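We did not get these values from a lab; they are worked out from the coordinates using the rules stated. Everything numeric here is computed off the predicted structure, so don't read it as measured data. Every residue, glycine as well, gets a Cβ built from its backbone with ideal geometry; the counts of neighbours run over all protein chains shown.
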Amino acid sequence: MTMTWTELKSDLATTGYVASDDLAMALHLSLALGRPLLLEGAAGVGKTQVAKTLAELKDTRLIRLQCYEGLDAAAAIYEWNYQRQLLSIRAAANEDASSEEIEERIFSEKFLLRRPLLEAIQQETAPVLLIDEIDRADEEFEAYLLEVLSDFQISIPELGTIEATTRPHVVLTANGARDLSDALRRRCIYSFVDYPDRASELAILNKRNPGIETRLAEQIVGFVQALRKEDLEKKPGVAETLDWAAALSGLGINDLAEDPVALQASLVCLLKTQADCAAIPPEVAQRLAGKAA
């Protein structure tokens, strides 16, 4: 029986991921249509966690390709184990093997180093393939990736074409480092992941930290929601909210107003640049804490 998008949303929540209706629908359509899911949004809003949670729900392997400037096919798809090939060539020379025999031996699959894209299409059970921060890779690699995602097969000159054993569930994330091509966008189901509203963030906090006191949880979420409205270089994401909650609980703080010094010091969990730390002096932190209360 096919799962509905509302059932998928409920299952996500059960594992601790509180998804918006738009995101749950996009993920549902991606799975139903067999199309990659492209998630855009600021860092820390939970894009990568979607793939991790999906792998948990599917009880399957998560294979991650972390993109970066200069990423090439050797790092993303495959490369040959040159050290083992060299050792094999030396051993074969002692056996008086022909050049054809040596070539056939060293260009076999046992000398192949599978990188994430090749690994993903050779799994017996469809994995979740997370292509993280695709906008950090260059346009040339993005174009090559389009071919892989269109055909789910990879050509290796020495071995021929390797077709997918199963089609992976593909999730791509982007933080806005550069504009993505229209061709990539057309092939994907798209969803913009924003910072959660107060109710959603409170639900996330309670699911991830069920032992936290109700009043403190409400204060934490209220403070972070207000902090994101300040003029900051890097607004805190959900991960920072969870870290801060854990830190406050560890410090034995049950009320944001009870220890201003400890509150200010604990903001290192939320503020990640010197400029942002300077932008939230004690008086501002107290103002935000007062609103949160």
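Spatial offset of the stretch 206-269 relative to the stretch 125-178 amounts to 38 Å, using the alpha carbon center of each. Could you tell me how many degrees, from 0 to 90 and to the nearest 10, lie between the Cα long axis of helix 214-227 and the main elongation axis, the longest principal axis, of the Cα atoms of the chain? Result, in degrees: 80. Since only 273, 159, 146 are under comparison, the one whose Cα sits farthest along the positive direction of the charge dipole of the chain, derived from C-beta charges on Lys, Arg, Asp and Glu, is 273. Around the amide H of residue 172, modelled in the peptide plane, lie the amide H atoms of 37, 38, 39, 131, all under 5 Å away and 5 or more residues distant in sequence or on another chain. Taken about its Cα centre, the stretch 32-169 carries a charge dipole of about 720 debye when Lys and Arg each add +1 at the Cβ and Asp and Glu each add -1 at the Cβ.
Residue-wise HN-Hα couplings along the stretch 42-48, as the Karplus relation 6.51 cos²θ - 1.76 cosθ + 1.60 with θ = phi - 60° gives them from phi, are 5, 5, x, 8, x, 5, 4 Hz; Gly and Pro carry x. So for the stretch 71-199, what percent of the C-alpha to C-alpha distances run longer than 23 Å? When every Cα pair of the stretch 71-199 is considered, 46 percent fall beyond 23 Å.
Taking amide H as placed 1.01 Å from N in the peptide plane, the amide H of residue 137 sits under 5 Å from that of 68, each at least 5 places away or on another chain. Comparing mean-square fluctuations of 259, 194, 59 from a GNM of the chain with C-alpha springs under 10 Å, the top value falls on 259. What's the long-distance tail for the chain, i.e. % of Cα pairs beyond 29 Å? The calculated P(r) of the chain puts 48 percent of pairs beyond 29 Å.
For the stretch 198-286, the Cα-based Rg and Dmax, in that order, read 12.1, 34 Å. Highest mobility in the GNM of the chain, judged by mean-square fluctuation with C-alpha springs under 10 Å and restricted to 47, 234, 110, is found for 110. Among 283, 163, 240, the largest mean-square fluctuation in a Gaussian network model of the chain (Cα springs under 10 Å) belongs to 283.
Helical content alone sets the calculated 222 nm signal of the chain at -14500 deg cm²/dmol, taking -39,500 (n - 2.57) per DSSP H segment of four or more residues and averaging over every residue.
Farthest toward the positive end of the dipole of the chain, out of 245, 204, 214, is the Cα of 214, where the dipole comes from beta carbon charges about the Cα centre. Take the alpha carbon gyration tensor of the stretch 163-235, find the square roots of its eigenvalues, order them as a ≥ b ≥ c, and report rounded if a/c is under 1.5; if not, report prolate when a/b exceeds b/c, else oblate. Oblate shape, in that a/c is at least 1.5 and b/c is the bigger or equal ratio. Rounded to the nearest 20 debye, the dipole magnitude of the stretch 198-286 is 360 debye, with +1 charges on Lys and Arg beta carbons, -1 on Asp and Glu beta carbons, and the Cα centre as origin.
Annotation: amide H of residue 162 within the under-5 Å range of 154, 155, 156, sequence separation 5 or more or interchain, hydrogens built in the peptide plane.
Per residue, the average separation of C-alpha pairs within less than 8 Å and at least 6 apart gives the chain a relative contact order of 22 percent. Taking Cα centre as origin and charging only the Cβ of basic (Lys, Arg, +1) and acidic (Asp, Glu, -1) residues, the dipole magnitude of the chain rounds to 880 debye.
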